[in-house]
1. Quote the Stokes-Einstein diffusion coefficient, in whole µm² s⁻¹, for the chain, based on the Kirkwood radius over alpha carbon pairs, a temperature of 37 °C and a viscosity of 0.692 mPa s.
2. Over the chain, what is the mean sequence separation of C-alpha contacts under 8 Å (at least six apart), divided by residue count, expressed as relative contact order in percent?
3. Tell me the accessible surface of Asp198 in square angstrom (1.4 angstrom probe, heavy atoms of protein chains only), to the nearest ten.
4. If you average 1/r over all unlike Cα pairs in segment 78-206 and invert the result, what Kirkwood radius do you get in angstrom?
5. As a test of the formula, what do you get for the chain when each DSSP H run with n ≥ 4 contributes -39,500 (n - 2.57) and the sum is divided by the residue count, at 222 nm and rounded to the nearest 500 deg cm²/dmol?
6. Determine the gain in length on full extension of the stretch Thr15-Leu70; use 0.36 nm per residue of separation and subtract their C-alpha separation, reporting nm with one decimal.
7. What's the extension gain from Ala114 to Arg61 if we count 0.36 nm per residue and subtract their Cα-Cα distance?
8. What FRET efficiency comes out for the pair Glu46/Ala133, r = Cβ-Cβ distance, R0 = 25 Å, nearest 0.05?
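The values are calculated or read from the model by the stated rules, or taken from the named source; none is laboratory data. Nothing here was measured: the structure is a model prediction, and the numbers come from that model. Here the Cβ is made from the backbone with ideal geometry for all residues, glycine too, and neighbour counts use every protein chain on show. SASA here: full protein model, heavy atoms, side chains in, ligands and nucleic acids out. Shrake-Rupley method; radii C 1.70, N 1.55, O 1.52, S 1.80 Å.
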Amino acid sequence: MARPRVESPNDQYRTKAALAKAHIQELIVSGAVAAGGHITTRAVSEALAMSETPMRAAMRRLDAEGWLDLHPHLGSVVAGVQAAELTEVYALRGRLGALAIELGGPSYSRQRLAEMAANIRRSEKAVAKGQIALYIQLNRAFHTLLSDTEQTRWTLRMLTILWGQTAAMGGGFRRVPARLAQSLAEHKAILAAIMAGDFRRAATLMIEHERLAASMLIAALAASKET
């Protein structure tokens, strides 16, 4: 019989740091704290009723992943991406997403494909009701389903960093609500290609999907500066 696992003194600490990390990410993705805004360990520790030690660990991790910029005197600042950088960031997202499909697509299980289809159905309802916050969550989940395979661990890590960079801007869907329906249609096309076993086409559609997202967001940012 295998020996029962002895809990390490650090297990609880790691769990609290993970909870803190998820909480901070939600603050950023939900738009509660926008790019350039400050997040303090004290505020998060009070909100979660835990010490500041796991908060600091969470913030260091988020800094490494691109969600936060840690400054000696300013503290933790939500990272932002300049409009000039968006073309590059979304191009990287597209090519990494395409690589994830090409490498991991053949290993998608029936359950994984069913989860993608279920995500599409939930997304249809969210778009119909104009539920931007919910669609943002579903969008991330869809892309994670495409990228989280045994063959694409490093690809997913890099995508996570890029998602953090763009999420920190407050979310393209909030700036361009009309993008929701287009994004969903593109997700459907990607899934249709995958279901047909045409992973190369699905990868090409992913690159175009991210290019369109970038172009619409850049246009929205430019328009907001003119008003």
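1. Taking Rh from Cα pairs, D becomes 174 µm²/s.
2. On the way: 257 pairs, mean separation 58.1, N = 227.
It comes to 26 percent, rounded to a whole number.
3. Rounded to the nearest 10, the figure is 70 Å².
4. On the way: mean 1/r = 0.0669 Å⁻¹.
About 14.9 Å, per the Kirkwood formula over Cα pairs.
5. Working: 10 runs with 162 residues, N = 227.
Taking each H run of at least 4 residues, the total per residue is -23500 deg cm²/dmol.
6. Numbers: separation 55, 0.36 × 55 = 19.80 nm, distance 2.20 nm.
Residue separation times 0.36 nm, minus the Cα-Cα distance, leaves 17.6 nm.
7. Values: separation 53, 0.36 × 53 = 19.08 nm, distance 3.22 nm.
Contour length minus the Cα-Cα distance gives 15.9 nm.
8. On the way: r = 24 Å, r/R0 = 0.95.
With R0 = 25 Å, the Cβ-Cβ based efficiency is 0.60.
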